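Data first, discussion second: the structure below is written as structure tokens.
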Amino acid sequence: MSLLGPYVLAALLVGIGVYGALSRRNAVLMLIGVELILGGALVLLVSTAAAGQDQWSGGTVLSLFVITIAAAEVAVALAVILGVFRFRGEIDLFGRGR
Amino acid sequence: MSALEIVLRSAAVLAAFLVLPLLVGQMEHKVMGHMQGRLGPMYAGGYHGWAQLIADGVKFLQKEDLTPAAADRWLYRIAPAIALVPYLVAMAVVPVHPGWVGAEVPASALLVLVASGISVLGMLIGGWASANKYSLIGAMRSAAQLLAYELPLVLSVASVCLAAGTLNLTGIIEAWSPAWLLWQLPAALVFLCAAVAELNRPPFDTPIADSEIVMGPFTEYGGLRFAFFLLAEYAGIVLFSLLFAVLFLGGWRGPGDAYLGFLWTALKGLPIAFLIIWMRVAWPRVRADQLQRLAWLGLVPVALGQLALTAVVVVSR
Amino acid sequence: MTGLDLAFATFGLIAVVCGLLAVTTTRVVHAALWLVVSLGALAGCFLVMGAEFVALVQVLIYVGAIVVLVLFALMLTRSPIAAQTEVSVGPRRRVLAAVLGAASAALLLAVLVPVVAVLPERTVTSTEVMARDLFGVWVWPFELLSVLLLSALVAAFAVSRMDRPSEDTAPAHASSTDAPLLGEAEA
């Protein structure tokens, strides 16, 4: 199995994620871009595990950590977004509120 | 594994998937009828209305396939499939007899949980895509319910996996001993409760609630697509009953299980399905906020306590 | 090219295409659902690389929790079914974002492609070995992570209850969008 596939996939996912995070005005959709960047990081971590290049199964364990941190991040981010929606009536990142 | 074996296994799983939910549906007709002091459907097929579900199926087939004008057409159409197909996948990894399992997966307990989580997404999408206020309310309630009850469900399964030392359902059955009936009892109760909530069955059916939000996510659905949602519900009952039997009652374990294993599985799973139907008849619907309260203040602490108990017992053993 | 490479390429292609759709579609809920498909295909990639446990956890957490939360937030913020062009920035900023995205992808490719190796066979980390390492070597990071999760939980609660005091004085019209649906006991 060649490692070219995982590396290209990780790079593309990060690129797509950066584009998504920068080009969205809706705060929830911006978060989707961030999730894709994290996905790219996950691919790299898992590929080090598949290559057997990691110590103490770090590739697998760290990818689990990344998934956990993503869950925590999304919970807090969505709470903030909903709070913003209550105060301003919209979640447009460039909006002035209603 | 040869190609023939794969085909045979898939066909067996598909057959079980199509037949068992109908059996549960028929059981629901009859059990509810008797518990409520009425007969239930009696005419179709002659003997005690055994063919009623088939007649229902034919009726659903004949109905027109409508899509509301304001709906998100594409999502509206695939939502029933999203609700149904994960249960088919989950059914394939449940062992019913020594050596009888559709597909041997190392972490099958986790896979079943994953599948049941995806299935609720179907309801969520269907409710949102219907462009109907009641559907949207139902979808949001079902999302809130999924988030609340997925946690105790996973924790109770984790307790069993911890006790067995494996994530594999076959391994769990082999590690099972009658003592589990006692010290895994809290986990079993939490699991049953969370499973009923995950299936949106009464008394936890606030997302559907036909008398207040008109079947919630299914308001706009009719014909075959509605039938698929119903089938998903019955398939869910089958899956969670079998899973309860496998996790907490020892699955195919029993006297003469080398030959009678599948019978033991059926004998243990059937009463659970009966219990789930019984709950629908016996209890009124709980309110949405009571539902959340029960999950976060009741089930999650109990499941965490059980997990701690299991961990202590396993470590000290 | 082996069968594993082919399977990986298939799943990877799905992940990339659905990821692209997730960041370009103008229908907000579709974006979340394309993200589901993309992350599901990513889980398929992990399966091909022999990380079965990571794949299952990925689907369980992302589909069962994160995306449901995202959909929940989209519904609570009144996302319409119809396509909206104003969810993205204008064309000029979009081009800039695309350039930056392509640049970061190119940067990563430039770093990673020279070190590509062809594995004679993939190393499969069994769940037992991983669990032993997780609760042995990694136990302190693990505990730290649980503290992080707890504080995230508390923070999410605190943030979402922030405007409760003002609610008692003023008639709550802004927060009435979610409370009755969630069934929070307001009454």
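The values are calculated or read from the model by the stated rules, or taken from the named source; none is laboratory data. Remember, predicted model here, so these are calculated numbers, not experimental data. Reconstructed Cβ throughout: ideal geometry from the backbone, glycine too, with neighbour counts over all protein chains shown.
Residue B:300 falls short on exactly one of the conditions (1) touching a strand residue (DSSP E or B) at 6+ places or on another chain (Cβ under 8 Å); (2) assigned to a helix (DSSP H, G or I), and that condition is (1).
Screening residue B:105 against (1) in contact with a Gly (Cβ under 7 Å, 6 or more places away or on another chain); (2) surrounded by fewer than 22 Cβ atoms within 10 Å (Cβ to Cβ) leaves a single unmet condition, (1).
Working only within region B:84-133, note down all residues that are closer than 23 Å to residue C:27 by Cβ, touching a Ser or Thr at 6+ places or on another chain (Cβ under 7 Å) and in a helix (DSSP H, G or I). Within region B:84-133, B:120, B:123, B:124, B:127 meet the criteria.
Within region C:94-123, the residues that satisfy the criterion of being surrounded by fewer than 16 Cβ atoms within 10 Å (Cβ to Cβ), within 24 Å of residue C:5 (Cα to Cα) and of a type in the set (A, V, I, L, M) are C:106, C:107, C:110, C:111, C:113, C:115, C:116, C:117, C:118.
If the condition is being in a loop (DSSP other than H, G, I, E, B) and within 9 Å of chain A (Cβ to nearest Cβ), then region C:67-82 contributes C:77, C:78, C:79.
Taking first residues from region C:124-137 that are surrounded by 13 or more Cβ atoms within 10 Å (Cβ to Cβ) and partners that are assigned to a helix (DSSP H, G or I) and charged (D, E, K, R), the Cβ contacts under 9 Å between residues at least 6 apart in sequence or on separate chains come to C:124/C:52; C:125/C:133; C:127/C:52. Considering B:159, B:142, the condition of being crowded, with 24+ Cβ neighbours inside 10 Å, in contact with a Gly (Cβ under 8 Å, 6 or more places away or on another chain) and polar (S, T, N, Q) is satisfied by B:142 alone. Being crowded, with 22+ Cβ neighbours inside 10 Å and within 20 Å of the chain's Cα centre (by Cα) is not true of residue B:282.
Being hydroxyl-bearing (Ser, Thr, Tyr) and either buried (at least 22 other Cβ atoms within 10 Å of the Cβ) or modelled with pLDDT of 90 or more (or both) holds for only one residue in B:206, B:166, and it is B:206. Among the residues of region C:88-127, the ones that are modelled with pLDDT of 80 or more and out of contact with any strand residue (DSSP E or B) (no Cβ under 8 Å at 6 or more places or on another chain) come to 24 in all.
For region A:61-97, taking the residues that are assigned to a loop (DSSP other than H, G, I, E, B) and within 7 Å of chain C (Cβ to nearest Cβ), the one that is farthest from residue A:28 (Cα to Cα) is identified as A:89. Only residues that are free of Cβ contacts under 8 Å to residues at least 60 places away in the same chain, under 17 Å from residue B:226 (Cα atoms) and more than 7 Å from chain C (Cβ to nearest Cβ) were counted across region B:130-148, and they come to 0.
Note on region C:83-100: residues that are at the interface with chain A (Cβ under 7 Å from one of its Cβ atoms) and in contact (Cβ under 8 Å) with a residue 40 or more places away in the chain amount to 2.
Residues that are over 16 Å from the mean Cα position of the chain (by Cα) and among the charged types (D, E, K, R) within region B:1-41 comprise B:5, B:9, B:30, B:38, listed in sequence order.
Evaluated against (1) more than 22 Å from residue B:101 (Cα to Cα); (2) surrounded by fewer than 23 Cβ atoms within 10 Å (Cβ to Cβ); (3) not hydrophobic (A, V, I, L, M, F, W, C), residue B:127 falls short on exactly one condition, (2). Between B:147, B:185, B:199, the distinction of being modelled with pLDDT of 85 or more and either buried (at least 24 other Cβ atoms within 10 Å of the Cβ) or under 19 Å from the mean Cα position of the chain (by Cα) (or both) belongs to B:199 only.
Residues in region B:248-268 that are under 18 Å from residue B:185 (Cβ atoms) and buried (at least 21 other Cβ atoms within 10 Å of the Cβ): B:248, B:249, B:250, B:251, B:268. Taking the criterion of being without any contact (Cβ under 8 Å) to a residue 24 or more places away in the chain and either surrounded by fewer than 24 Cβ atoms within 10 Å (Cβ to Cβ) or under 20 Å from residue C:43 (Cβ atoms) (or both), the residues of region A:13-33 that qualify are A:16, A:17, A:20, A:21, A:22, A:32, A:33. Filtered by the rule that a residue be assigned to a helix (DSSP H, G or I), closer than 17 Å to residue C:112 by Cβ and either more than 7 Å from every other protein chain (Cβ to nearest Cβ) or within 12 Å of the chain's Cα centre (by Cα) (or both), region A:44-58 gives A:44, A:45, A:48.
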